[in-house]
1. Condition (residue is within 39 Å of the chain's Cα centre (by Cα), open to solvent by less than 50 Å² (accessible area, probe 1.4 Å) and within 17 Å of Pro426 (Cα to Cα)) applied to region 541-548: is it met by at least one residue?
2. Search region 14-46 for residues being in contact with a helix residue (DSSP H, G or I) (Cβ under 8 Å, 6 or more places away or on another chain) and modelled with pLDDT under 50, and hand back the single one that is least open to solvent (accessible area, probe 1.4 Å).
3. For region 121-137, indicate whether the set of residues that are over 24 Å from Tyr58 (Cα atoms) and touching an Asp or Glu at 6+ places or on another chain (Cβ under 9 Å) is non-empty.
4. From the list Glu227, Glu263, Glu246, pick out the single residue that is within 24 Å of Val345 (Cα to Cα), open to solvent by 10 Å² or more (accessible area, probe 1.4 Å) and of a type in the set (D, E, K, R).
5. Exactly one of (1) touching a residue at least 12 places away in the same chain (Cβ under 8 Å); (2) farther than 30 Å from Asp98 by Cα; (3) open to solvent by less than 100 Å² (accessible area, probe 1.4 Å); (4) over 28 Å from the mean Cα position of the chain (by Cα) is unmet by Trp460. Its number?
6. Take the residues in region 207-224 that are more than 26 Å from Trp476 (Cβ to Cβ) and open to solvent by less than 40 Å² (accessible area, probe 1.4 Å), then tell me which one is modelled with the highest pLDDT.
7. For Phe316, indicate whether it is free of Cβ contacts under 8 Å to residues at least 12 places away in the same chain, farther than 22 Å from Gln379 by Cβ and open to solvent by 30 Å² or more (accessible area, probe 1.4 Å).
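The values are calculated or read from the model by the stated rules, or taken from the named source; none is laboratory data. If you're wondering where the values come from, they're calculated on a predicted model, not measured in any experiment. No Cβ is skipped: glycine too gets one built from the backbone with ideal geometry, and neighbour counts run over all protein chains shown. When the accessible area is computed, the model is the full protein with side chains, heavy atoms only, and any ligands, DNA or RNA have been set aside. Shrake-Rupley method; radii C 1.70, N 1.55, O 1.52, S 1.80 Å.
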Amino acid sequence: VDVTGNNADPAERTEVAEDALLLPWDRFSAWLHCICVVGFDLELGQAVEVRQKTSICYLSFPDSNSGCLGDTQFCFRFRQGSNRKSSLGCFLETTDRDAPPCLKREQGHYYGYVYFRQVRDKSLKRGYFQKSLVLISKLPYVTFFHSLLKIMAPEYFEKQEPCLEAACNDIDRWPTPLPGRILTLPIMGVVIKVRIPTCYDKPGTSQLVQSAQSDSLVSIVLPTIHEVDLFRCFYPVFFHIQMLWELVLLGEALVVMAPSPAESSDTVLALVSCISPLRYCTDFRPYFTIHDSEFKEYTTRTQAPPSVILGVTNPFFAKTLQHWPHIIRIGDMKQTGEMAKQMKVKKLKNLKTLDSKPGVYTAYKPYLNKDEEIIKQLQKGVQQKRPSAAQNAILRRYFLELTQSFIIPLERYVASLMPLQKSISPWKSPPQLRPFNQQDFMKTLEKAGPQLTSRLKGDWIGLYRHFLKSSNFDGWFRNRRREMTQKLEALHLEALCEEDLEQRIQKHTEVETVDLVLKLKDKLSQAEREQLPVRTGTLGKLKAHIEAVIQALPEDLQGILHKPSSP
């Protein structure tokens, strides 16, 4: 569903490395896949005005029971079709390299950011104007895209297509979202200033520079592009935040039942982000409907519920998903009066309808003892009317420290699997990482476990055993193993560059020298393709070495080796 006319086949594009080489709509594609307009047709139900895309249609409208009058914003997530090629793949991989794990571009999924308007209109047969403007993107910048929609959607509902075309042209002039950049982004007469975080940022800090005098044209400065208000989202199930952290960490099947898509999607996003900087590696759907293509797969009773987090609003799910092990029932977040009094975890058999009281329905017994300190601190904040932003910062810091206490022993152990640098020889293949041994890791916890950084007591060993079987561990370890393997390749390359290759080839036959050139070229292309973390100047030195070795060969061989290798 593409209103931009961006139909160029990415496979036919030349490889792009710099903004100057980007083609029309490439900058747009770096931010958005497309923009959809979804209207409500009385005879057909939801219909996309550009091209029929059933799944997006249903996900772009609240369920009829939600009763969302006025303007509502929420987001959803859906699988990418298996036959689709990602545009600008090569170029965007390089922009992703320095992104924090939770902000890397989605590989197999798209996000849909929705601005839905429902107002009374007697001139329409149905009696209501109902329409959604939806931004589809691979980027998980939820706060940024919701802010963008607040500017775009009201203008669009008033002025229709021409202003949407103008917005697309504005976006196509934006710089690409490279991590570490501070960007000023003009859109429909407004200028948004943001900073794209990097994996090198200190967790829990905002790096955005303060407004300077030159910012006189900036209308909106966003302190974050992706973080949701954790305190507001967890407020209805406040006493269970630590247990919810465990369930998310372990990749347990969770369903959030909420009165509206806004509350459902915010709560699911809050759950996924509560284990940051660890990336949540299984599927999650901030807003899930009975029309979703995965509905049958995710609601079947013939097998255990999958390791996913679903956000739902349709009362039908109370029956369909009552066999799920962990259910969070959220009341209306707007009714934030007294602190929730309900402290007990509820039994699943008590959940029959969406009219059930808010709370957490599960038989799960947490591994860690309850942290009363954080509960008291936040309760005191509510009593003293502490600003919501301060409460959110306290809760975010708490989750961050809890996750770091848990992950540091794993990081320390995995770092010990790295071979010593002296074992790297330029003339042998790079050494392999030692395998992860669960028993060896568990032994390290006695002296260097989470007790060094966390005051929490409980069955940490049991929590680690469970975590090591989870998709979150698998995803984390794969990523660390890839990073460490690339580091070994980089060290091997640097060692090669320090060798006197011209002297070495004097003892080689021509065949051996040609073989060396081909291997060095392979190394060079691998380093460029995988963006290996080599020291500055290493690749230039390697190119000079390759050229010097080629020059030492007869002219006929030089001509052959200078030819670019066929793809």
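1. yes
2. Ranking the qualifying residues of region 14-46, first place goes to Val16.
3. No.
4. None of the other options fit; the residue is Glu263.
5. (4)
6. So the residue we want is Leu222.
7. No; evaluated as a whole, the condition is false for this residue.
Yes/no per residue for (1) of a type in the set (Val, Ile, Thr); (2) at pLDDT 90 or above; (3) more than 30 Å from Leu59 (Cβ to Cβ); (4) surrounded by 16 or more Cβ atoms within 10 Å (Cβ to Cβ):
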{"residue": "Tyr280", "(1), (2), (3), (4)": "no, yes, no, yes"}
{"residue": "Asp292", "(1), (2), (3), (4)": "no, no, no, yes"}
{"residue": "Pro325", "(1), (2), (3), (4)": "no, yes, no, yes"}
{"residue": "Lys365", "(1), (2), (3), (4)": "no, yes, yes, no"}
{"residue": "Leu368", "(1), (2), (3), (4)": "no, yes, yes, yes"}
